[in-house]
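The values are calculated or read from the model by the stated rules, or taken from the named source; none is laboratory data. As the structure is a prediction and not an experimental result, all values here were calculated from the model. No Cβ is skipped: glycine too gets one built from the backbone with ideal geometry, and neighbour counts run over all protein chains shown. Surface accessibility is based on the protein's heavy atoms, side chains included, excluding ligands, DNA and RNA. Shrake-Rupley method; radii C 1.70, N 1.55, O 1.52, S 1.80 Å.
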Amino acid sequence: MAAKQSIDWVFFDAGGTLLFLDPERVVDLLDARVDGASSRLQSAWYHAMLAFDERVLRKEKQEGSLWLWFWREICRAAAFEPPSEETAKRLWEENLRRNLWSRTTPEALRVTEALGPAAAGYRLGVISNSDGSVAETLVTAGLGGR
């Protein structure tokens, strides 16, 4: 019989697991004044991430700005007007100023509370390929110290 494996750490990815786009901020930056814009944007983000992953798997070469492509893909999936290069630049600058992936969910809060040292005793960690601002963003989103 195999020995029982002990789990000490549980790691989460930051983007798309603990942190999500702040749809209201992005809708304002895109000037997407349409019914259900925030909800459409949240759904479109998943579509854009799938499209991005498929591009990576196909090893497609990127012509031009990947950031612009990404936002155009989100807007296409949300049925918004495609952003201009100027709008994509504004999104980039705002993301640098204050991460656009700055919202969490009630579920993420509950899970991290239930798994943390005070409850289940696991040590929790976050893995991210972000720009180095994730620790601060986690604090702002209410996940700091978990």
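Taking region 9-68 as the range and being touching a residue at least 40 places away in the same chain (Cβ under 8 Å) and of a type in the set (Val, Ile, Thr) as the test, the residues that pass are 10, 17, 26, 34.
Residues that are open to solvent by 60 Å² or more (accessible area, probe 1.4 Å) and farther than 20 Å from residue 10 by Cα number at least 1 in the following helices (runs of 4 or more DSSP H) confined to region 50-146: 66-78, 85-97, 134-140.
Number of residues in region 99-146 that are under 21 Å from residue 42 (Cα atoms), more than 13 Å from the chain's Cα centre (by Cα) and polar (S, T, N, Q) equals 1. Among residues of region 1-43 being among the aromatic types (Phe, Trp, Tyr) and surrounded by 13 or more Cβ atoms within 10 Å (Cβ to Cβ), the one that is modelled with the highest pLDDT is 12.
State yes or no: is residue 39 more than 16 Å from residue 130 (Cα to Cα) and hydroxyl-bearing (Ser, Thr, Tyr)?
Details: more than 16 Å from residue 130 (Cα to Cα): yes; hydroxyl-bearing (Ser, Thr, Tyr): yes.
Considered against the rule, which asks whether it is more than 16 Å from residue 130 (Cα to Cα) and hydroxyl-bearing (Ser, Thr, Tyr), residue 39 comes out as yes.
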